[in-house]
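First comes the structure, then the notes that go with it.
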Amino acid sequence: MKIKCTKIDSVKIIEPTVFGDERGFFMETWNDKKFRNLVSDKCFVQDNHSKSKKGILRGLHFQTKNCQGKLVRVVQGEVFDVAVDLRKESNTYGEWVGEYLSADNKRQLWVPEGFAHGFLVMSEEAEFVYKCSDYYNPEFEQSLLWDDPVIKIEWPLNELESPILSEKDKNGISFLNLPKIIKEK
Ligand SMILES: Cc1cn([C@H]2C[C@H](O)[C@@H](COP(=O)(O)OP(=O)(O)O[C@H]3O[C@H](C)C(=O)[C@H](O)[C@H]3O)O2)c(=O)[nH]c1=O
């Protein structure tokens, strides 16, 4: 596996080693020992899987308690995946990074705790799977506005007027009104 840096120090791109043959391909999508040695000492407690149609934007979500680190990848289609640094002590606080993840490029993104995360579906359909370093805690889940005027994420909307959002995401909070992110478990 290859680990690549992004413009935010702790957000990493992971390119797994793909073994192709006449049957198709094989790859290790997660190996605890390699992940801990090369990426982060976090362990995972929950796997998630979602399917979305083109133009859907899920996010930008974060939890103010039980903050979740996420190892994300796409198993069908393509998304533009975004992480926003919400760690007040970070020198990249309020900055974002975006990467195209697809079933074809097999790239993964490590989104550490303390980030808001979301993605825009670029293909007709996309299936998104990811590992989380803590449990879902709806009581402490927040949605940061996808088009926050301070963060200024450059979503590749292309011909889309605006993305398709859940009611929760339509009513997200602005960066300037962020609650204190609580690190405790
Ligand atoms: C996240 C989650 C949701 N749910 C239930 C709650 C709702 O009844 C239903 C759909 O939830 P939601 O609309 O929040 O799903 P997404 O919009 O895909 O949320 C995710 O979107 C972005 C991409 C993220 O990074 C987060 O992991 C996650 O918040 O699943 C659960 O039961 N467990 C869970 O861990």
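The values are calculated or read from the model by the stated rules, or taken from the named source; none is laboratory data. Since we're looking at a predicted model, the values are computed, not measured. Quick reminder, even Gly has a Cβ in these numbers, built from the backbone with ideal geometry, and neighbours come from all protein chains shown. The protein model used for the area step is the full one, side chains on, heavy atoms only, and it has no ligands, DNA or RNA in it. Shrake-Rupley method; radii C 1.70, N 1.55, O 1.52, S 1.80 Å.
For segment 117-163, which residues satisfy the criterion of being of a type in the set (Phe, Trp, Tyr), open to solvent by 40 Å² or more (accessible area, probe 1.4 Å) and near the ligand (Cβ under 10 Å from one of its atoms)?
Within segment 117-163, Tyr130, Tyr135, Tyr136 meet the criteria.
Tell me which of these Asn31 doesn't satisfy, since it passes every other one: (1) within 15 Å of the ligand (Cβ to nearest atom); (2) exposed (fewer than 14 other Cβ atoms within 10 Å of the Cβ); (3) not basic (Lys, Arg).
Asn31 satisfies every listed condition except (1).
In this structure, does Asn37 turn out to be surrounded by 12 or more Cβ atoms within 10 Å (Cβ to Cβ), over 15 Å from the mean Cα position of the chain (by Cα) and either away from the ligand (no atom under 16 Å from the Cβ) or not in a strand (DSSP E or B) (or both)?
Spelling it out, it is not the case that Asn37 is surrounded by 12 or more Cβ atoms within 10 Å (Cβ to Cβ), over 15 Å from the mean Cα position of the chain (by Cα) and either away from the ligand (no atom under 16 Å from the Cβ) or not in a strand (DSSP E or B) (or both).
Considering Asn171, Asn177, which residue is within 14 Å of the ligand (Cβ to nearest atom) and surrounded by fewer than 21 Cβ atoms within 10 Å (Cβ to Cβ)? Walk me through it before giving the result.
Numbers: Asn177 fails: within 14 Å of the ligand (Cβ to nearest atom).
When all the criteria are applied, what remains is Asn171.
Which residues, taken from segment 118-149, are in contact with a Lys or Arg (Cβ under 6 Å, 6 or more places away or on another chain), closer than 20 Å to Thr6 by Cβ and not hydrophobic (A, V, I, L, M, F, W, C)?
Gly118, Tyr130, Ser133, listed by residue number.
Can you tell me which residue among Thr6, Thr92, Thr29, Thr17 is free of Cβ contacts under 8 Å to residues at least 40 places away in the same chain and either among the β-branched types (Val, Ile, Thr) or at negative phi (or both)?
On inspection, the qualifying residue turns out to be Thr17.
Name every residue in segment 74-87 that is surrounded by fewer than 23 Cβ atoms within 10 Å (Cβ to Cβ) and either among the aromatic types (Phe, Trp, Tyr) or under 9 Å from the mean Cα position of the chain (by Cα) (or both), in order of residue number.
Phe80
I want to confirm something. Restricting to segment 41-73 and keeping residues that are surrounded by fewer than 21 Cβ atoms within 10 Å (Cβ to Cβ) and charged (D, E, K, R), which single residue is farthest from the ligand (Cβ to nearest atom)? Break it down into steps so the answer makes sense when it comes.
Initially, segment 41-73 is screened for residues surrounded by fewer than 21 Cβ atoms within 10 Å (Cβ to Cβ), giving 41-56, 61, 64-66.
When the remaining residues are screened for being charged (D, E, K, R), the result is 41-42, 47, 51, 53-54, 65.
Values: Asp41: 21, Lys42: 15, Asp47: 10, Lys51: 10, Lys53: 13, Lys54: 16, Lys65: 14 Å.
The extreme case among them is Asp41.
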